[in-house]
Amino acid sequence: MAAVIVAVSLIGLAWGAFAQTRVGTEQLPQLGEADADGLSLGAERRLGRQVFQEFLRAGVVADDPELEDYLAAQSARLLQAALLQGHLRPGQSIEPDEFRFFAVRDPAINAFALPGGFIGIHTGLMAQSQSESELMSVLAHEIGHVSQRHISRQFGQRRQSSAVMIAAALLAAMAASSSSDAAMGIMSLGQTVAVQDQLAFSREAEREADRVGLGLMQEAGFDPQAMASLFQKLLRAGEFYESAAPNWVRSHPLTSERIADVQTRLSQLVPEKSPDLAGSSPGPGAQDTLEFRWLRARIGALSDRSVDGLAKSQLRLQKAFDQSAGKALEQSAIAYAMAWVAAGQRRYETALGQLNQADALAREADVYAWASPLLATTRLEVLLAAGQLQQALASLQPALEATDKSISRRQLARLSIRIVDGLGRHDQALTFAQSYTGRWPEDLQGWALQAQVASSAGQQTLAHWATAERYRRAGALNAALEQLVLARKANDADFTVMSMIDARLASLRKDIQFEKSQSKL
């Protein structure tokens, strides 16, 4: 690995008691107890959502439903463990279902958390993690900071921080890895120097987050040893990286003492875990799911989508495929990644052939039940890109049956809308889109699809309304208001719809007034 992990955690949850975990026998330090200077839960939620919305507007949140839903599914095991161990408490903290794990398409080995349960994971972290447990050890550490209210207290004590300032500091860090000029441009969004001091954790907070994270890892059925091995690799890599890193990037300093503390805790582990939290997808290691292996392969293959980058990925993957002869599980992931590279190069028939190869290898490795949904959605993506809509439609129903309970369900629903709309069945596509946004209302791309198909169906009122909902959820309230006004003027919907728009207009105006009042505080 060529960079040091950045765990920029900016959140805290209201947690008023210590938790006894299986990592050692003593009580954890009570650094995370409620503090009069900490943010209230309501303020924390509002601040976190505002920062996340700044990220959405900056375009750094990756639109990848399968990756996002994979992260949510695996992180749910850690959150359930946090409930079992008392780190999260119903009614006294942010609830597990309020957490949102999102991907940031960036090659840096990085993860960060925002107030209110928003946790970002750079694709570079997943691509470079040698095992699923290594990836989860970073998320477990972040949840450790969350449960102990480390950031809530810091921001409560320094009230001058705003969502724009926090987002500016984080975005500047992302830009710094590729362009110092870009970083300085983003830094000008706010007085981020004041924020930088708040991104650093004390040694005690770091050790506490490590201890909590180890307990969550074990309870959830991941390998706690992965945390120590990852930290050791990152410490070695950090010797190269730290000299050029901005000060706040070192907010989670890795020291030999900290790693020694983790190793001591590991030696005290009791070999137990909650069987209900263990993963179900098979893999070559104790905890690696097929979804992790395949998504990691895809992310690594598409890290550089330029013409030269895809060509290099093609050569690298072909070499890896040849060297993995006789290892069907490894080859299936590589063939899956090769299909994505071929599709990126617009070699659609080649991509379909490599998906068939991945299919056969998954059957040979006896993991087809888990591979099938990912294969189905990728095949539909390729057919759509190739303009083969009738073939895509023929593949749609079998895909629907294969993805009912998988991480591919949301992506398949999106593809269904695009396929049906592409065939000119605009009214049916609109029905599908309305069902989609009803089930996943926070998915901005779902609202964009609904606006698109509503326009195709000649329903301009509904098109403007859907666009307004997308803007509203991205925090662009004034733009949302403009779209609702346009929806009202279009006036091509029935009385019920128009009445709902009037109600939404009134609600949105109140939200805008509330936001203005908060900005004056």
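Within segment 70-126, the set of residues being closer than 18 Å to ASP210 by Cα, of a type outside the set (A, V, I, L, M) and out of contact with any Phe, Trp or Tyr (no Cβ under 7 Å at 6 or more places or on another chain) comprises ARG77, GLN80, GLN85, GLY86, ASN110, PHE112. Tallying residues that are under 24 Å from ARG296 (Cα atoms) and in contact with a helix residue (DSSP H, G or I) (Cβ under 6 Å, 6 or more places away or on another chain) within segment 136-153 yields 5. The one condition from (1) more than 29 Å from LEU415 (Cα to Cα); (2) crowded, with 17+ Cβ neighbours inside 10 Å that GLU515 does not meet is (2).
Counting only residues that are closer than 19 Å to MET498 by Cα and either open to solvent by less than 40 Å² (accessible area, probe 1.4 Å) or not in a helix (DSSP H, G or I) (or both), segment 454-478 holds 11 of them. Would you check if THR437 is touching a helix residue (DSSP H, G or I) at 6+ places or on another chain (Cβ under 8 Å) and touching a residue at least 40 places away in the same chain (Cβ under 8 Å)? Here the answer is no, as THR437 does not meet what is asked.
Could you go through segment 416-435 and let me know if any residue there is at pLDDT 95 or above, open to solvent by 60 Å² or more (accessible area, probe 1.4 Å), more than 23 Å from GLU330 (Cα to Cα) and outside any helix (DSSP H, G or I). So far as segment 416-435 goes, yes, one or more of its residues are at pLDDT 95 or above, open to solvent by 60 Å² or more (accessible area, probe 1.4 Å), more than 23 Å from GLU330 (Cα to Cα) and outside any helix (DSSP H, G or I). Quick check on LEU315: is it outside any loop (DSSP other than H, G, I, E, B), open to solvent by 30 Å² or more (accessible area, probe 1.4 Å) and hydrophobic (A, V, I, L, M, F, W, C)? Criteria met by LEU315. Before we move on, is ARG410 of a type outside the set (Asp, Glu), touching a residue at least 40 places away in the same chain (Cβ under 8 Å) and either open to solvent by less than 60 Å² (accessible area, probe 1.4 Å) or under 21 Å from ASP64 (Cα atoms) (or both)? Yes, satisfied. Could you grab me the full set of residues in segment 371-388 that are touching a Gly at 6+ places or on another chain (Cβ under 9 Å) and open to solvent by 40 Å² or more (accessible area, probe 1.4 Å)? The answer is GLY387, and nothing else. The single residue among ASP63, ASP97, ASP69, ASP106 that is in contact with a Ser or Thr (Cβ under 9 Å, 6 or more places away or on another chain) and under 24 Å from ARG409 (Cβ atoms) turns out to be ASP69.
Listed here are the residues, each with its yes/no results for (1) free of Cβ contacts under 8 Å to residues at least 12 places away in the same chain; (2) part of a helix (DSSP H, G or I).
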site	(1), (2)
SER303	no, no
LYS319	yes, yes
GLN331	no, yes
ILE334	no, yes
ALA362	no, yes
PRO373	no, yes
ALA376	no, yes
SER395	no, yes
LYS405	yes, no
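Residues that are in a loop (DSSP other than H, G, I, E, B) and surrounded by 18 or more Cβ atoms within 10 Å (Cβ to Cβ) are absent from segment 66-83. Applying the condition of being open to solvent by 50 Å² or more (accessible area, probe 1.4 Å) and either in contact (Cβ under 8 Å) with a residue 60 or more places away in the chain or hydrophobic (A, V, I, L, M, F, W, C) (or both) to segment 486-505 and asking which residue is nearest to ALA451 (Cα to Cα) yields LEU486.
The values are calculated or read from the model by the stated rules, or taken from the named source; none is laboratory data. Since the model is a prediction, treat every value here as computed from it, not as a measurement. Note that we place each Cβ from the backbone using ideal geometry, even for glycine, and neighbour counts take in every protein chain shown. In case anyone asks, the SASA skips ligands and DNA or RNA and just uses the protein heavy atoms, side chains included. Shrake-Rupley method; radii C 1.70, N 1.55, O 1.52, S 1.80 Å.
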